[in-house]
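Some notes on the structure that comes next.
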Amino acid sequence: MRNGEMIDYYRNKKGISQENLSQGIFPASHLLDLVDKLLSCYESTVRQDPKESWKKLSYINEEYNIGSQTMPHETLLLYLCVKLKYALLIFDKKLIDSLYNQISDLPTSKNTIIEYIRKKTIGIYYYRVNDNLQSIFILKQALEMHNKLPLSEEDKAELFYQIALTSQKTSDYFEAITYAEKALSIYQSLYYNRRSAECHVILGLSYHKVHQLEKAQENYLYAKKIGVDLKDVYLESMALHNLGCMQSFLGNSEDAIFYFLESLKLKKEEDRSLFSINTLVKEYYKLNQNEFALGWAEEGLVLAQRNKIEEYIIHFNVHIYLITKNPEIEKYISDYVIDYFTRAGDKDNVAKYAEILAEYYTSTDRYQSACEYYELSLKVWKNKTTLI
């Protein structure tokens, strides 16, 4: 989206005419200059460039008097959305909720570009706070708008990528494949290798879930190669982790553990270590090596609590309860865990924990309760199969 085109589009819309721009403290030329700077900063976030985004946002904060009393609400809305987009890019947990609340207090925009940016940004926000159903709902609204707007190829690719990412979380795997392929095609044409690798990871995960294992492995290996070529340890570690998941699925636990440990060696950020720690716990538990499983689960729980990542707090707590045979597992799963993942739209984990609780009831000879949760698990899996 060229800035000139966006400014003209922005100015000519009913909600932000030249006359409206001239109202208030900002003269029209000054306000259009601010809009130009905001859209440029937004483009930097789309390009996944946190340094450039911060540089542009800092300049805006220093040079312009930002506030509800000094500008039209649509310009303030655009500013807050761009600021939230940057906060999501660097995942500033303290800032994103505050900015989301400020945006929610403002009316929606009559300008379609601002409204598109708002919807896409809020869709990403919902994904980052694990409200995947709301995320996909609002991202699809942005998708309906995108063909009518002069968007850059990078912007389209980011939208497709985010829909793929969220669809993968809601277990809509063929949808994830469709949009990951769309995003990958654009990113490859633009030589955005890192994002191309991330698309390959989504494709690998989704093909894995629909049991197309050759395609899954092919995409994981593409991602690993890009990671090695770019000397990007995050990409390489992510690919190794997912190759481990494939080996686990095939029943090769020792090979799976090898990949998980190799992936973990490359991870520097605590929250990203949680993926591999969680899979190590499950693999050791599967092998009845409970001492190792418990040790990793306790270490993972400390990291998850430190980083306030509720999904992984749940995963580690459940395994600790299972290994130590703590009866609290019954109330924990029935009263909290299933509801948490239902609200998040995470069908895989709803089915998984319903089955774990059913097995627990079976082990304690409460067969009627076991049947109830086996039926829930089967219902979720059946609905998933229908959807995909």
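Enumerate the helices (runs of 4 or more DSSP H) found wholly within region 269-388, keeping only those where 2 or more residues are touching a residue at least 60 places away in the same chain (Cβ under 8 Å). Break it down stepwise before answering.
Details: elements: 270-286, 290-307, 310-324, 328-332, 338-344, 347-363, 367-387.
By residue number, 310-324, 338-344, 347-363, 367-387.
Identify all residues within region 154-192 that are without any contact (Cβ under 8 Å) to a residue 24 or more places away in the chain and either under 17 Å from Gln48 (Cβ atoms) or under 13 Å from the mean Cα position of the chain (by Cα) (or both); write none if there are none.
Hits for region 154-192 are Leu184, Gln188, Tyr191.
Among the residues of region 250-286, which ones are under 23 Å from His211 (Cα atoms), open to solvent by 70 Å² or more (accessible area, probe 1.4 Å) and not hydrophobic (A, V, I, L, M, F, W, C)?
Glu254, Asp255, Lys282, Lys286
Is at least one residue of region 95-110 open to solvent by 50 Å² or more (accessible area, probe 1.4 Å), touching a residue at least 60 places away in the same chain (Cβ under 8 Å) and more than 22 Å from the chain's Cα centre (by Cα)? Talk me through it step by step, then tell me what you get.
First, pick out the residues of region 95-110 that are open to solvent by 50 Å² or more (accessible area, probe 1.4 Å): 95, 97-98, 101-102, 104-105, 107-108, 110.
Imposing the further condition that a residue be touching a residue at least 60 places away in the same chain (Cβ under 8 Å) reduces the set to 110.
Filter once more, so that each one left must be more than 22 Å from the chain's Cα centre (by Cα): 110.
Looking through region 95-110, at least one residue is open to solvent by 50 Å² or more (accessible area, probe 1.4 Å), touching a residue at least 60 places away in the same chain (Cβ under 8 Å) and more than 22 Å from the chain's Cα centre (by Cα).
So how many residues does region 266-286 have that are within 21 Å of the chain's Cα centre (by Cα) and closer than 21 Å to Val350 by Cβ?
Residues that pass the stated criteria total 4.
Please work out which residue is farthest from Cys199 (Cα to Cα), limiting yourself to region 220-276 and to residues that are touching an Asp or Glu at 6+ places or on another chain (Cβ under 9 Å) and aromatic (Phe, Trp, Tyr).
Phe260
Given the criteria open to solvent by less than 50 Å² (accessible area, probe 1.4 Å), under 20 Å from the mean Cα position of the chain (by Cα) and farther than 18 Å from Ala256 by Cβ, does Ala239 qualify?
Working: open to solvent by less than 50 Å² (accessible area, probe 1.4 Å): yes; under 20 Å from the mean Cα position of the chain (by Cα): yes; farther than 18 Å from Ala256 by Cβ: no.
The answer is no for Ala239.
Given the residues Lys231, Lys215, Lys169, which is the only one that is basic (Lys, Arg) and either open to solvent by less than 70 Å² (accessible area, probe 1.4 Å) or under 18 Å from Asp348 (Cβ atoms) (or both)?
Values: Lys231 fails: either open to solvent by less than 70 Å² (accessible area, probe 1.4 Å) or under 18 Å from Asp348 (Cβ atoms) (or both); Lys215 fails: either open to solvent by less than 70 Å² (accessible area, probe 1.4 Å) or under 18 Å from Asp348 (Cβ atoms) (or both).
Every option except Lys169 fails the conditions.
I'd like to know if region 287-303 contains one or more residues that are farther than 30 Å from Lys94 by Cβ, surrounded by fewer than 20 Cβ atoms within 10 Å (Cβ to Cβ), among the aromatic types (Phe, Trp, Tyr) and within 27 Å of the chain's Cα centre (by Cα). Give the steps one after another, and end with the answer.
Keep residues of region 287-303 that are farther than 30 Å from Lys94 by Cβ, which gives 287-295.
Those left that are additionally surrounded by fewer than 20 Cβ atoms within 10 Å (Cβ to Cβ): 287-292, 294-295.
When the remaining residues are screened for being among the aromatic types (Phe, Trp, Tyr), the result is 292.
Those still in the list that are within 27 Å of the chain's Cα centre (by Cα) too: none.
No, region 287-303 contains no residue that is farther than 30 Å from Lys94 by Cβ, surrounded by fewer than 20 Cβ atoms within 10 Å (Cβ to Cβ), among the aromatic types (Phe, Trp, Tyr) and within 27 Å of the chain's Cα centre (by Cα).
With the condition kept exactly as written, say whether any residue in region 195-211 is under 30 Å from Gln289 (Cα atoms) and polar (S, T, N, Q).
yes
Being among the small types (Gly, Ala, Ser) and more than 20 Å from Glu218 (Cα to Cα) is the filter; apply it to region 149-166 and report the residue that is least open to solvent (accessible area, probe 1.4 Å).
Pass one, region 149-166, residues among the small types (Gly, Ala, Ser): 152, 157, 164.
Now restrict to residues that are more than 20 Å from Glu218 (Cα to Cα): 152, 157.
Numbers: Ser152: 28, Ala157: 0 Å².
Ranking the candidates gives Ala157 first.
In region 37-85, which residues are among the basic types (Lys, Arg) and loosely packed, with under 14 Cβ neighbours inside 10 Å?
Within region 37-85, the subset among the basic types (Lys, Arg) is 37, 47, 51, 55-56, 83, 85.
Within region 37-85, Lys51, Lys55 qualify.
The values are calculated or read from the model by the stated rules, or taken from the named source; none is laboratory data. Quick caveat, the model's predicted, so the values are computed rather than measured. Reconstructed Cβ throughout: ideal geometry from the backbone, glycine too, with neighbour counts over all protein chains shown. These area figures cover heavy atoms from the full protein model, side chains too; ligands, DNA and RNA do not enter into them. Shrake-Rupley method; radii C 1.70, N 1.55, O 1.52, S 1.80 Å.
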